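Take a look at the structure below.
The values are calculated or read from the model by the stated rules, or taken from the named source; none is laboratory data. Small disclaimer: the values here were computed from a predicted structure and weren't measured. All Cβ positions, glycine included, derive from the backbone under ideal geometry; neighbour counts span all protein chains shown.
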Amino acid sequence: MSLLWSWLEIISRCIEIALLILVGVVAVAVGFAVRAEKRTRQQMREAARQSRCVRCGALLGEEALALADAEWAKMRDELDRSHFYRRYRMVRTWRAICPGCGARYSYQEATRAFVLLPDEPPRESS
Ligand SMILES: [Zn+2]
């Protein structure tokens with residue numbers, strides 16, 4: 001009886017320690033992910049301040065990032081409203097929209113530069 005209880009106690013302690021380690025690892029991983037995202041956003045802002053649109057020559061600036069964020073939020077809201085009962089996965093390709101002509105740009109982290117995306121066909125409205 002006492003041997004069984006001591007084994008149960010040991011197993012229980014091991015599970016507690018494993019859970020504490022798991023929580024610590026997750027917290028550190030989340031911290032790294034948040035820092036990486038902040039760094040990428042900062043690099044994008046710096047690149048946008050120095051980049052011009054290859055179509056119209058307008059400065060992209062932070063307005064281009066804000067336009068892209070607003071467009072993304074609007075698209076997600078539309079999808080949430082029309083498909084609220086579904087789960088879906090979206091991949092964001094554009095990170096900047098030219099304030100002058102509406103050209104869309106992706107962001108290349110390796111080169112810290114914006115790359116013009118081909119025009120998308122107009123979306124069908126439902
Ligand atoms: Zn432009």
Quick check: is even one residue across the range 78-94 modelled with pLDDT of 90 or more and more than 22 Å from the chain's Cα centre (by Cα)? no
Contact list please: Cβ distance under 8 Å, first residue in the range 97-110 and outside any strand (DSSP E or B), second residue polar (S, T, N, Q), pairs at least six apart or on different chains. Glu109/Thr40; Glu109/Gln43
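Do you know which of the residues in the range 97-118 that are of a type in the set (A, V, I, L, M) and in contact with a Ser or Thr (Cβ under 8 Å, 6 or more places away or on another chain) is farthest from the ligand (Cβ to nearest atom)?
Top of the filtered list is Ala113.
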State the number of residues belonging to the range 67-90 that are assigned to a helix (DSSP H, G or I), of a type in the set (A, V, I, L, M) and away from the ligand (no atom under 15 Å from the Cβ). 4
Does Thr93 count as surrounded by 11 or more Cβ atoms within 10 Å (Cβ to Cβ), more than 16 Å from the ligand (Cβ to nearest atom) and not in a helix (DSSP H, G or I)? yes
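Please go through the range 32-66 and pick out each residue that is away from the ligand (no atom under 16 Å from the Cβ) and of a type outside the set (Lys, Arg). Walk me through it before giving the result.
Residues of the range 32-66 that are away from the ligand (no atom under 16 Å from the Cβ), as a first pass: 32-46.
Residues satisfying the conditions are Phe32, Ala33, Val34, Ala36, Glu37, Thr40, Gln42, Gln43, Met44, Glu46.
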